[in-house]
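Throughout, read-outs are computed from the coordinates displayed, never taken from laboratory work. All values reported here derive from a predicted model rather than from experimental measurement. In this analysis, Cβ positions are derived from the backbone assuming ideal geometry, glycine residues included, and neighbour counts consider all displayed protein chains.
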Amino acid sequence: MKLKKLNIMALAFASIAVCGCKTNDELNEHHFDNKLFVDMENPVNDFVFKEGAEASTASRDLYLATALEAATTVTGRFVAAPSKVSVYNSLYGGTALPLPENKCVIESPVATIDAGATKSNPVTVSFVNLETLNSDSTYVMPVEVTDVTGIGLLDSKKVSYFVFKGASLINVVADISQNYFPVNWASRDLVTNMSAITVEALIRVRDFGTVDGLKGQAMSTIFGIEGTFLVRIGDSGFPENQVQLVNPNGNFPDGNSALGLPTNEWVHVAVVWDATTGDRIIYTNGEEVARDQEAAGRVSLLGGSNGCFIGRAYNDERWLEGDISEVRIWNVQRTQEEIASHFYEVDPASPGLVAYWKFNEGAGKVVKDNTVNGNDITANEDLTWTNVALPERGN
């Protein structure tokens, strides 16, 4: 009987020992085969091109990778695979055309992962002569991994899709919520003792009010100098969404709720002040909405103690809650026809153009003056950049 009990105990201990060994093995065992894949966060890479522009090119580096260290040398070849455009269209609901094969260049297509490593050398995929494409069409070039040696290939991550769309006139804008730009003029002589000024801006405002109480007053600044020459939206006792010019000739125009701007829509605003003719004019989307003959004297935009700004006046609580693009300052009166014909771009060499901030950088805090006058500006805070396509379809 004692012997039987001892045998049972021995078997129990043996079972525990075996189970213990199995658990340790499982901890050290990977429950999947090591596979090769294209190392990418997103299989779709988007590009824009401008039809008819100067020679346009683009490129991306592709890598192969393995989840675990490679047991031996692994290689794979990247090749253009236009036949897979139909796969892209099926996956993403598109109607893209194959990018012509002669526009895709892969000079050194083989990627190698050395034994003991997990990532390959880069393979550069280049795209050339994109300016000859039709901007009304979308093109795709799939790039596939083939001729793999030394390991199996993960089918779900072996193709990258390079998508090409015609560039809009404006593809990115700046969101200047709770932000502003001091304007420190490099071309001071051009903004001193001015007899005529035109200010233009393309804006999309989300909220003309106090932005859930973050602002002390429902006022939004576009450009200018407090107490000297200021283009803003809203005022005390004045519609919060109506454009107003503030200058020593008196605030202009009178309040009129019918002239209020819409929220969440792109609007082109232009304000003219011309002491040579007396004209003070406000245009919305190229249409004259207000005019008087009270312009007189001379104006300097240097700023003095109050400073000249985009997005700020009097204090930091009068920002523009939304997106901005195409800000232009002129030392001439622009006509209605000139304004209405150039919402989305203008020749930087146009006569009388003092500063031209497109707000199309897409990164960083510096916004370039596209004229030769050097009036670059820097945001007070980090900028938020918003991708857009302007003009919008149908406009």
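Under a GNM of the chain (C-alpha, springs under 10 Å), which listed residue has the highest mean-square fluctuation: G93, G311, G374? Top of the fluctuation ranking is G93.
What net charge do the residues around P253 carry, taking every other residue with its C-beta under 12 Å from that of P253, with Lys and Arg at +1 and Asp and Glu at -1?
Numbers: positive: R280, R291; negative: D235, D254, E288, D292, E294.
Its environment carries a net charge of -3.
Taking 0.36 nm per residue of separation and subtracting the current Cα-Cα distance, fully stretching the chain between E287 and V211 would add 24.5 nm.
Rank these for me by crowding, C308, C104, going from fewest to most other beta carbons within 10 Å.
Exposure proxy ranking, most exposed first: C104, C308.
Between the helical axis of 2-28 and the longest alpha-carbon principal axis of the chain there is an angle of about 40 degrees. Over all other residues within a Cβ to Cβ distance under 12 Å of S187, the charged ones net out to -2, with Lys and Arg as +1 and Asp and Glu as -1. Each part gets one Cα centre, and for the stretch 241-277 versus the stretch 102-122 those centres are 58 Å apart. Which residues among the stretch 105-122 fall inside the zone where the amide N is under 17 Å from a point 7 Å beyond the Cα of D39, along Cα→Cβ? Counting backbone N atoms under 17 Å from the label point, the list is 109-122.
Over the Cα atoms of the stretch 35-167, Rg to Rh with Kirkwood Rh, two decimal places? Write down the numbers at each step before the final one.
Details: Rg = 15.5 Å, Rh = 15.3 Å.
Value, to two decimals: 1.01.
Within the stretch 168-183, whose backbone N sits under 12 Å from a point 7 Å along Cα→Cβ of A58? Output list for this probe position: 168. Sorting D279, D33 by the number of Cβ atoms found within 10 Å of their own Cβ, with the fewest placed first, yields D33, D279. Ordering S86, S120 from the fewest to the most neighbouring beta carbons within 10 Å gives S86, S120.
Phi angles of the stretch 175-184 translate, via the Karplus equation with coefficients 6.51, -1.76, 1.60 and θ = phi - 60°, into HN-Hα couplings of 8, 10, 4, 6, 8, 7, 10, x, 9, 9 Hz per residue; Gly and Pro are given as x.
Within the shell defined by Cβ-Cβ distances under 11 Å, the residues around W266 carry a net charge of -3, with Lys and Arg each +1 and Asp and Glu each -1. Between the alpha-carbon centres of the stretch 172-239 and the stretch 328-359 there is a gap of 17 Å.
In this simple spin-label model, placing a label point 7 Å from the Cα along the Cα-to-Cβ direction at both N264 and E144 gives a separation of 4.3 nm.
Modelled spin labels at N134 and V87, positioned 7 Å past Cα toward Cβ, are 2.6 nm from each other. Of the trypsin sites (Lys or Arg not before Pro) found in the stretch 235-300, those in coil by DSSP whose Cβ has at most 15 other Cβ atoms within 10 Å are R298. Note on the stretch 32-160: lysine pairs with Cα distance below 17 Å, sequence gap of 8 or more or different chains, count 9. Model label sites at S350 and K119, defined 7 Å from Cα along the beta-carbon direction, differ in position by 4.7 nm.
With R₀ fixed at 35 Å, the C-beta to C-beta distance from E101 to T386 puts the FRET efficiency at about 0.50. The ellipsoid that matches the Cα gyration tensor of the stretch 148-195 has semi-axes, each √(5λ) in whole angstrom, of 54, 15, 13, with the longest given first.
The equivalent ellipsoid that matches the C-alpha gyration tensor of the chain spans semi-axes of 61, 29, 18 angstrom, in descending order.
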